[in-house]
1. For TYR15, state whether it is farther than 15 Å from VAL132 by Cβ and in a helix (DSSP H, G or I).
2. Please determine whether any residue of region 161-175 is under 17 Å from PHE3 (Cβ atoms), touching a Lys or Arg at 6+ places or on another chain (Cβ under 9 Å) and surrounded by fewer than 19 Cβ atoms within 10 Å (Cβ to Cβ).
3. For region 76-84, does any single residue satisfy the condition of being surrounded by 18 or more Cβ atoms within 10 Å (Cβ to Cβ), touching a helix residue (DSSP H, G or I) at 6+ places or on another chain (Cβ under 9 Å) and acidic (Asp, Glu)?
4. From the residues in region 176-220 that are surrounded by fewer than 18 Cβ atoms within 10 Å (Cβ to Cβ) and of a type in the set (S, T, N, Q), which one is nearest to the chain's Cα centre (by Cα)?
5. Would you confirm whether or not region 152-159 contains a residue that is under 14 Å from the mean Cα position of the chain (by Cα), surrounded by fewer than 17 Cβ atoms within 10 Å (Cβ to Cβ) and not aliphatic (A, V, I, L, M)?
6. Could you check region 134-145 and list, in sequence order, the residues that are under 15 Å from PHE71 (Cα atoms) and either without any contact (Cβ under 8 Å) to a residue 12 or more places away in the chain or surrounded by fewer than 23 Cβ atoms within 10 Å (Cβ to Cβ) (or both)?
7. Residue check: is ARG148 surrounded by fewer than 17 Cβ atoms within 10 Å (Cβ to Cβ) and either among the aliphatic types (A, V, I, L, M) or out of contact with any Pro (no Cβ under 8 Å at 6 or more places or on another chain) (or both)?
Amino acid sequence: MSFSARLWAGVEDVYAEILAHPFVTGLASGELDRGAFGFYVVQDAHYLREYARALSVCAARAPDAASIAMFAEHAAGAIAVERELHDSFFADLGLTAADVAATPMAPTNLAYCSYLLASAHGGSFAEALGAVLPCYWIYREVGTELLRHSSPDPLYARWIATYGGEEFGAVVQAVLDLTDDLGPQLSEADRAAAARRFAVTARYEWMFWDMGLRQERWPV
C-alpha cells in the first residue's frame, strides 16, 4: 500500500461525512443559503493566507530543490486564489475588501490555522506534509465528485469547477507523488506521526464546512 493510500484509509469515514454534509450537498443542489456561502468564502480568504504561511514553512523544510520550488509555488498560488476570491465571489456576494478585513476569524478557523502552523513549525517535515495534505486532497475529491452533476446555481458551479478541474487536480497529484516518494524513506514512527496530523486536519476540513453552514461566531 502506498503511503498516500495508507493516509486516506485512515480518514475514509471522515470523507464520507464531508460528502454528506448539508453545506456540500447544498453546493451540489444549489440550495445552500447564500449567507452561509458568503460567510464561508470570507473565512476561506483568512484561511488561505495562513495556509500559504504553512506551505512556505514546508518549502523551507522540504528535502530537495524540486519540493522547495513546488511548495513555494503553491504558497504563492494560495495567495493568488485569495485575491481571486476578492475579485469574483466577493463581488458577486456584494462584499468589499473592507468587509472581509473587518470580519474576524471564526473559532474553528483560528483553531485549524493554529494547528496547521504548529504542525509545520514544530513537527518533522513528514508531519508538516501530513497536516497540509487534506486541504489539497479533500477539496480535489469533493470538487471531482460534485463536478459529475455540477450545480444549478452558477456561483456554486464556478466554485465546483475550480476544485474539480484538471489544473487543480495536477497540483494535488504533484503533492501526492511527493508523499508516496517520501513514504518508504520514513521510519514507521514518522509515518504514524504524519498519519495522526493528517487525520486531525481531515477532521478540521469537516469542521470548516460545518462552521460555514452555522456561520459560526465567537460566543462571548
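The values are calculated or read from the model by the stated rules, or taken from the named source; none is laboratory data. Note that this is a predicted model, so its numbers are computed, not measured. So basically every Cβ, Gly included, is an ideal-geometry build from the backbone, and we count neighbours across all protein chains shown.
1. Details: farther than 15 Å from VAL132 by Cβ: yes; in a helix (DSSP H, G or I): yes.
Answer is yes for this residue.
2. There is at least one residue in region 161-175 that is under 17 Å from PHE3 (Cβ atoms), touching a Lys or Arg at 6+ places or on another chain (Cβ under 9 Å) and surrounded by fewer than 19 Cβ atoms within 10 Å (Cβ to Cβ).
3. Filtering region 76-84 down to residues surrounded by 18 or more Cβ atoms within 10 Å (Cβ to Cβ) leaves 78, 82.
Checking the rest, the ones that are also touching a helix residue (DSSP H, G or I) at 6+ places or on another chain (Cβ under 9 Å) come to 78, 82.
This time we only want the ones that are acidic (Asp, Glu), so: 82.
The answer is yes; a qualifying residue exists.
4. GLN215
5. Within region 152-159, the first condition is being under 14 Å from the mean Cα position of the chain (by Cα), and the residues that meet it are 159.
From the residues that got through so far, the ones that are surrounded by fewer than 17 Cβ atoms within 10 Å (Cβ to Cβ) too are none.
Scanning region 152-159 turns up no residue that is under 14 Å from the mean Cα position of the chain (by Cα), surrounded by fewer than 17 Cβ atoms within 10 Å (Cβ to Cβ) and not aliphatic (A, V, I, L, M).
6. TYR136
7. On the way: surrounded by fewer than 17 Cβ atoms within 10 Å (Cβ to Cβ): yes; either among the aliphatic types (A, V, I, L, M) or out of contact with any Pro (no Cβ under 8 Å at 6 or more places or on another chain) (or both): yes.
Yes, satisfied.
For (1) touching a residue at least 12 places away in the same chain (Cβ under 8 Å); (2) over 19 Å from LEU27 (Cβ atoms), each residue gets a yes or a no:
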| site | (1), (2) |
| --- | --- |
| LEU155 | yes, no |
| TYR163 | yes, no |
| GLU166 | no, yes |
| GLY169 | yes, no |
| LEU176 | yes, yes |
| LEU182 | yes, yes |
| GLU188 | no, yes |
